[in-house]
Amino acid sequence: MRQYIVRRILISILVLFGVSFLLYIIIRLMPGDYVANITAGNMNVTAEMEQRMREVYGLDKGLLEGYISWLGDAVRLDFGISFIYQKPVTEVIQRYLPITFALAAIAMVFEMLLAIPLGILAARKQYSKMDYSIVAIALMGISLPSFFFAAILKRVFAIGLGVLPLSGMVNARAGFEGFARIMDIGHHLVLPVTVFVITGVGGLLRYTRTNMLEVLNADYVRTARAKGLPERKVIGKHAFRNTLIPIVTLVGGMIPGLFSGAVITEGIFALEGLGQIAINAVNNGDIPYLMGFNMFLAVLTLLGTLVSDILYAVVDPRVRYS
Amino acid sequence: MEDIQVRNEQDQDEFELSQVILSPTQLVLKRFFRNKLAAVGLITILVMIIFCFIGPFFSPYSEYEIFYINKETGEEIYMTDARISEKGVKINIKAPISTAHLLGTDADGRDVLTRLMYGGRVSLTVGLVVVLVELLIGVTLGGIAGYYGKAVDMIIMRLVEIFYSIPFIPLMLIISAVMVGYGISPKYKIYIIMFVMGVLFWAGVARMVRGQILSLREMEFMQATEATGIRTSRKIFKHLVPNVMPIIIIIATMDLGGIILMESTMSYLGVGIAFPYASWGNMVTAVNNSIILKNFPNIWLPPGVCILLTVLAFNFIGDGLRDAYDPKMKR
């Protein structure tokens, strides 16, 4: 087991080198006068910051040499200074990470609470009306463009009925304190979380259903039924526990998806998270931030896969890595 | 005695003739069309293709045509008309639904229905081209990795992991920023985007194809090809590829939907297909204007519904195909 984990980590590091090199090449594809051009209209960008970016990204060196010098800085978590915020990129990410993280975590909990019971229900009643409707709704969620769904929700609940706020994180005019403030934030998060959950639940739901179907056909479930256990116990104790194994591996892979999905949802609802900053960064040519954000997500993805692989071994005692 | 024998033989022949023997393809098709959702999906796609590719020939307007209106007489004037410079003549923006404009006009005074058709052309074409690119790269590399194994497999699979760990939308944001730096015109941007998406999405295909080939390689019929000593190219194209075909077809249909969705998202974020080209995604962008969001659903609702229907239809077809190809699915 320990040997397996060590090997996985080593491979992850190797992959991370690949990812960073690829990203670095894209940065280097920029035209030479890019920094000067893009920052020309931005009064806040000083010549020092430009110089700092050239240095960090090794723009005045050759490709390989530049990459090595950039890598040296990146290992020390130095991605340059964000043009928009005038602060080191890592500081910006640290500052806005909690919002994105909270949103992703809430969405993920709701997704699991919805997907797993519905997936099991659909599998238990395969080919029934219930099954068809659940699967059709799941597929609809997958096929729904999130920005379009968000627009409909805003039109209906924020503009039409006026029961939920249109965008933003807090009601700035009310100036709530303490518990009221938390309630206010919650109120603002209803629509974004709904968008996340509805558009993201389908994949997990279908996966749960497929696995449950497989498990329900297994011999040990037939045995459990044959010895006359109540259906509740057959499903809950014998079938469900075994579907949990593949689900665990999927959940690990979902986390990075939630973070990159934040780019759209946060942008639409004007939530001050990493995603919205990323969009601003594109419009302002804030390459240092974009690079930092991408590297952050890449690390997150690799961690997600690593954790789910290890969890796989934890929940399934049959799995032994050699 | 002999009479009975003859009759028996006749009966036997008749029985055999009346038996319907289905080829595997026919079996799959039969099972596919028994699935109602899949059949509905197929019809939806056909309707969409007719609407987007043949529809424009029946539309009296063109993609970029801007309409003007004389505020006093209420008469509509075409862009080419000399009277547009007259007094009291304005661009006919956000016109309501009428017989002349079945879905009204947008914020720039262009016919929404016509743009919907041209936008669909772009979205469907992008989907198709990206799938072709990703299949070309994915099947080749996945096939090589699965067939040759060992070090080649190791290298290709690490490459797959690298492409897997790059978050797509954030990466597109960087690429878009670089493209802005070069000042690339929207005309070429479409091609670049299609190419980049294809290059980024091949990893999933490669992983699936490799897995399939790995398990096929161990099968008896592959040992038989080994024993008969046929050429490698024949082994791959005659024996392996036909067996991987089902999974490739399923991936391709599912991905068509996914890519159309992705393209529309990118266009919405402003890093995809750009003005003056229409795509369903950038037509929905109109919702950023709160007045349009509130009062003119005829501008943003139709393209959104088109995306939803098309992607849903591709998913239904993909699901139906997967069930139809799966011999374990007997109903």
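Is there a simple number for the mean count of other chain Cβ atoms within 10 Å of the Cβ of residues in B:301-314, and what is it?
3
Could you run the Karplus curve 6.51 cos²θ - 1.76 cosθ + 1.60 with θ = phi - 60° over the stretch A:104-120 and give me ³J(HN,Hα) per residue in whole Hz, x for Gly and Pro?
5, 5, 4, 4, 5, 4, 5, 4, 5, 4, 8, 5, 5, x, 5, x, 5
Which value results when the Cα radius of gyration for chain A is divided by 2.2 N^0.38 Å?
Against the empirical 2.2 N^0.38 Å value, I get 1.21 for chain A.
Could you work out how much longer the chain between B:ILE49 and B:ARG158 gets when fully extended? Use 0.36 nm per residue separation minus the Cα distance between them, nm to one decimal.
35.4 nm
For a label point 7 angstrom out from the Cα of A:ARG8 toward its Cβ, which stretches of the stretch A:283-310 have the backbone nitrogen within less than 20 Å?
The answer is A:297-310.
Gain in length, B:TYR191 to B:ARG234, computed as 0.36 nm per residue apart minus the alpha-carbon separation, to one decimal in nm?
12.0 nm
Ordering B:LEU308, A:LEU64 by accessible area with a probe of 1.4 Å, largest first, what comes out?
The residues order as A:LEU64, B:LEU308, largest area first.
Mind grabbing the base-10 log of I(q)/I(0) for the stretch B:211-275 at q = 0.13, 0.25 Å⁻¹? Debye formula, identical points on the C-alpha positions, no solvent, two decimal places.
-0.55, -1.01
If amide hydrogens are placed 1.01 Å from N in the peptide plane, which non-local residues have theirs closer than 5 Å to the one on B:ILE91?
Sorted by chain and number, the residues that satisfy this are B:ILE69.
With angles folded into 0 to 90 degrees, how steeply does helix A:47-56 sit against the dominant principal axis of chain A? Use alpha carbons for both and round to 10.
Roughly 50 degrees, rounded to the nearest 10.
Working with all protein chains in place, sort A:ASP316, B:ASP255 by solvent-accessible area computed with a 1.4 Å probe, largest first. Before the final figure, lay out the partial values.
Details: A:ASP316 10, B:ASP255 45 Å².
Ranked from most to least accessible, the order is B:ASP255, A:ASP316.
Give me the net charge of B:PHE163's neighbourhood, meaning all other residues with Cβ under 14 Å from the Cβ of B:PHE163; Lys, Arg count +1, Asp, Glu -1.
Neighbour charge sum, excluding B:PHE163 itself: +1.
Could you give me the radius of gyration and the Dmax of the protein assembly as shown, taking only the C-alpha atoms into account and expressing both in angstrom?
28.3, 110
Enter the angle in degrees (range 0 to 90, nearest 10) between the Cα long axis of helix B:241-269 and the first principal axis of the Cα atoms of chain B, meaning the one along which they spread out most.
It is inclined by approximately 20 degrees.
For the stretch B:179-288, what ratio Rg/Rh do Cα atoms give with a Kirkwood hydrodynamic radius? Walk me through the intermediate numbers first.
Working: Rg = 20.5 Å, Rh = 17.0 Å.
Rg/Rh for the stretch B:179-288 comes to 1.21.
Would you kindly derive the ³J(HN,Hα) couplings of the stretch B:185-191 from the backbone phi angles with the Karplus curve 6.51 cos²θ - 1.76 cosθ + 1.60 (θ = phi - 60°), listing them in order in whole Hz, with x for Gly and Pro?
6, x, 4, 7, 4, 4, 5
How crowded by other chains is A:268-281, given as the mean number of beta carbons from other chains within 10 Å of each beta carbon?
Counting Cβ atoms of other protein chains within 10 Å of each residue's Cβ and averaging gives 2.
Once ligands and nucleic acids are excluded and a 1.4 Å probe is used, how much of B:ILE91 is accessible, expressed in Å² to the nearest 10?
80
In peptide B:264-270, what is the residue-averaged number of other protein chain Cβ atoms found within 10 Å of each Cβ? Provide the component values of the computation, followed by the final result.
Numbers: counts 4, 7, 1, 1, 9, 8, 4.
Neighbouring Cβ atoms belonging to other protein chains average 5 per residue here.
How high is the relative contact order of the stretch B:111-325, in percent, counting Cα pairs under 8 Å that sit 6 or more residues apart?
Relative contact order for the stretch B:111-325 comes out at 30 percent.
As a test question: what accessible area, to the nearest 10 Å², does A:ARG95 have when a 1.4 Å probe is rolled over all protein chains in place?
Estimated to the nearest 10 Å², A:ARG95 gives 150 Å².
Full extension from B:ASN289 to B:ALA151: what is 0.36 nm times the residue separation minus their Cα-Cα distance, to one decimal in nm?
Gain on extension, B:ASN289 to B:ALA151, equals 44.2 nm.
What is the sum of charges, Lys and Arg at +1 and Asp and Glu at -1, for the other residues whose Cβ falls under 13 Å from the Cβ of B:VAL196?
For residues surrounding B:VAL196, the net value is -1.
Pairs A:LYS87/B:LYS189; A:LYS129/B:LYS30; A:LYS125/A:LYS233; B:LYS150/B:LYS235; A:LYS154/B:LYS90: which exceed 24 Å Cα-Cα?
A:LYS87/B:LYS189; A:LYS154/B:LYS90, as the Cα separations exceed 24 Å there.
Working from Cα positions, state the angle (0 to 90°, nearest 10) between the long axis of helix B:24-34 and the longest principal axis of chain B.
Tilt relative to chain B: about 50 degrees.
Calculate the dipole size of chain A relative to its Cα centre from +1 charges on Lys and Arg beta carbons and -1 charges on Asp and Glu beta carbons; express the result in debye to the nearest 20.
Magnitude of the dipole: close to 1820 debye.
Roughly how many debye, to the nearest 20, is the charge dipole of the protein assembly as shown about its Cα centre, given +1 on each Lys and Arg Cβ, -1 on each Asp and Glu Cβ, and no other charges?
My answer is approximately 1640 debye.
Could you provide, to the nearest whole Å², the per residue accessible area of chain A with probe 1.4 Å?
It amounts to 48 Å² per residue over chain A.
Let me check something: with ligands and nucleic acids excluded, how do B:ASP13, A:ASP78 order by accessible area (1.4 Å probe), largest to smallest?
Descending accessible area places them as B:ASP13, A:ASP78.
Once the dipole of the protein assembly as shown is set up with Lys and Arg at +1 and Asp and Glu at -1 on Cβ about the Cα centre, which of A:ILE5, B:ILE249, A:VAL314 lies farthest towards its positive end?
Highest projection toward the positive end goes to A:VAL314.
Restricting attention to the stretch A:222-322, which trypsin sites (Lys or Arg not before Pro) occupy a DSSP loop and are surrounded by at most 10 other Cβ atoms within 10 Å?
Filter output for the stretch A:222-322: A:LYS227, A:ARG318, A:ARG320.
What is the Cα convex hull volume of chain B when expressed per residue in Å³?
Dividing the Cα hull volume of chain B by its residue count gives 223 Å³.
When the Karplus curve 6.51 cos²θ - 1.76 cosθ + 1.60 is applied with θ = phi - 60°, which whole-Hz ³J(HN,Hα) does each residue of the stretch B:300-307 get, with x for Gly and Pro?
Values, residue by residue: 9, 5, x, x, x, 5, 4, 4 Hz.
The values are calculated or read from the model by the stated rules, or taken from the named source; none is laboratory data. Just so it is clear, the structure is predicted and the values come from calculations on it, not from any experiment. All Cβ positions, even for glycine, are placed from backbone atoms using ideal geometry, and neighbour counts span all protein chains on display. Heavy atoms of the whole protein, side chains included, go into the accessibility calculation; ligands, DNA and RNA do not. Shrake-Rupley method; radii C 1.70, N 1.55, O 1.52, S 1.80 Å.
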